[in-house]
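Throughout, read-outs are computed from the coordinates displayed, never taken from laboratory work. For clarity, every value in this text was computed on a predicted model and none was experimentally measured. Because the Cβ atoms are built from the backbone with ideal geometry, glycine has one as well, and the counts that use them run over all protein chains shown.
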């Protein structure tokens, strides 16, 4: 299946799941309620009850969002540069992010059911995974960008082709340069 | 030193404002034409662009609103921050290369210029400019109001200025803002961004260290206090619930690529290959600065819950009260200066794109040409937009009108919903059509405005901007697929190949 079709399917699936939520009946306190002692604070209350049986829908939306983000990133890479290494790196990023999410979600539900959780760096496991795991998962894409910059993001051939294009564009532009004088920058 | 806390903070703010004036004068000497005024002549180095990109991501909202959100709703707003890696990745993988290529080849001065070049459509250019202008007015009014209120609270704590009015504070703030924006344009903005970014990153680390020392067990002990009161507040989705938090994550992650004040900075670097350095530097800077958001919020919520602090009247007081109570006076001074820096540079960036919309993009969309003597008119319009936004902010404050709140909400989320599909698909997919761009922008504006104007509360806390961005992206793709593949101009066609 073509990448663009995958992206459209993911968007339609997210939209469909949002539709399921919008058609559902929101339980009381779904978005929190006033704190009984402090006016400027809210509380979440019974976390399991306010999911209203829709936790799996919300979790599925996040799974699809992770897949969508990775598909979009693949779209940003020229088709001829999407080689096995690129797919392996992007795939590993998606797997890491999905694993972080699934463990976070399951441990969150477990905490809501039992009130107990493993502590990581002093925080409950789902909180620690959100604080550190999600950010690290996203940062891995930064590592891929740095490593792959000259391999598939902006190769030296791309740079040379762009330079030629820019040089060609400069020629007819010069007579009109009085309207928008070009600054002294190089466009390499 | 503690007895002079207010004076120290004021001294730092004063030094920063003087710095802004000096930067404005210096930048004026480097601003010779509209290209310099709007895109800094496209010759900025990687360090400057990196700090400008991350400073644009974290405005005054990150300093005041962020800790306030953690105080009021626990860790819900965590998702606005932890998705930064994904957000920057989308921005750099999908936008930064080709937006800079089109800017270089077509001599583009603004985002609507790039959109017009890509789609060959003046409608797409005009609608993008209108979206930017609406968002800018709301953002600017709230920034001006925030700056004046913080200045009033600082000055009001001294004997000399105890009764200073808000109007006076607005006037003082505007004087500095207008001077350095009008004289220096985007050059002034990006160089103050550098200082702001550096201060924010350092302040983030120092605030984290301060916050960790309040409880003997550090932040985990504070987290345990919050957990004991209400588990949800200390769990990853906070008190607002899972789908609200995840929706914020989507809008702040995917939506980052639709922020015009941010992606315009991707048109300003000297070399495209600098992006390889700009991305990690922006991400690291952002991560350090964002430490302030959570450490202050968590400590303030915990100390109020355990009775060691009196409850706050409003969540937005979390950061000022923390600084006044726990931070060393010098650190408090630095953070207050950083707050002004954040507000000032964000305001300047918005003024810049708003001015471009008025004197460059809309005239081009309507008549096919810009105004003559763009630099002169850019400076005049910058003054006018500032004054209108200030009047708007004061009217809203004293008249208790919802208009600023409405346009303020018409900020990140609406930019995201309107601009993400147009830019992300437009720069990476040949089949993306002008009609799809126009439809996506209109649909996102209608959806976002409808949810806000009619105060519609969606079930389970699904956020309006989340629904709007998914809808506009889907609509964009469906319309593009239903239409024949557009014929691109040869230079754009070649860029799409690279």
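Miscellaneous remarks
- Ellipsoid semi-axes in whole angstrom, largest first, where each is sqrt(5λ) of the Cα gyration tensor of chain B: 36, 27, 20
- Compared with the dominant Cα axis of chain B, that is its longest principal axis, helix B:374-399 is turned about 40°.
- When the Cα convex hull of region B:335-484 is projected onto planes of every orientation, the mean area is 12.6 nm².
- Descending principal axes extents, chain A, alpha-carbon based, whole Å: 71, 42, 37
- Estimated from the Cβ-Cβ distance and a Förster radius of 60 angstrom, the FRET efficiency linking residue B:221 and residue A:171 is about 0.35.
- Residue ranges B:345-354, A:27-36 sort as B:345-354, A:27-36 when ordered by packing (mean number of other C-beta atoms within 10 Å per residue, highest first).
- Per residue, chain B reaches -24000 deg cm²/dmol at 222 nm when only DSSP H runs of four or more residues are counted, each adding -39500 (n - 2.57).
- In chain A, Cα pairs under 8 Å separated by at least six residues give a relative contact order of 18 percent.
- Unit Cα scatterers, Debye sum, the protein assembly as shown: log10 I(q)/I(0) for q = 0.05, 0.06, 0.11 Å⁻¹: -0.21, -0.31, -1.12
- Förster radius 22 Å - calculated FRET efficiency between residue B:11 and residue B:163 (Cβ-Cβ, nearest 0.05): 0.55
- Contact order normalised by residue count of region B:153-269, Cα under 8 Å, 6+ apart, percent: 6
- Shielding score for A:10-21, defined as the mean number of other chain Cβ atoms within 10 Å: 4
- Mean-position separation - Cα centroids, region B:179-221 and region A:89-114, in angstrom: 32
- Acute angle (nearest 10 degrees) that the helix B:242-253 long axis makes with the longest principal axis of chain B, alpha-carbon atoms: 60
- In plain terms, the chain from residue A:118 to residue A:147 could stretch by 6.9 nm, reckoned as 0.36 nm per residue minus the Cα-Cα distance.
- Two-decimal ratio, region B:30-146, of alpha-carbon radius of gyration to 2.2 N^0.38 Å: 1.26
- Shielding of A:95-105 by partner chains, average beta-carbon count, 10 Å: 1
- C-alpha long axis of helix B:5-30 to longest principal axis of chain B, angle in °: 20
- Sorting B:126-132, B:159-165 by their mean Cβ neighbour count within 10 Å, with the most densely packed peptide first, gives B:126-132, B:159-165.
- Mean ellipticity per residue at 222 nm, deg cm²/dmol - from DSSP H runs of n ≥ 4 across chain A, formula -39500 (n - 2.57): -20000 deg cm²/dmol
- For chain B, averaging the sequence separation of C-alpha pairs within contact (under 8 Å, six or more residues apart) and dividing by the residue count gives a relative contact order of 31 percent.
- Counting, for every residue in A:125-134, the Cβ atoms of other protein chains within 10 Å of its Cβ and taking the mean gives 5.
- Simple spin-label estimate for residue B:205 and residue B:175 in nanometres, 7 Å along Cα-Cβ: 3.7
- Cα centroid of region B:295-369 to Cα centroid of region B:18-77, whole Å: 12
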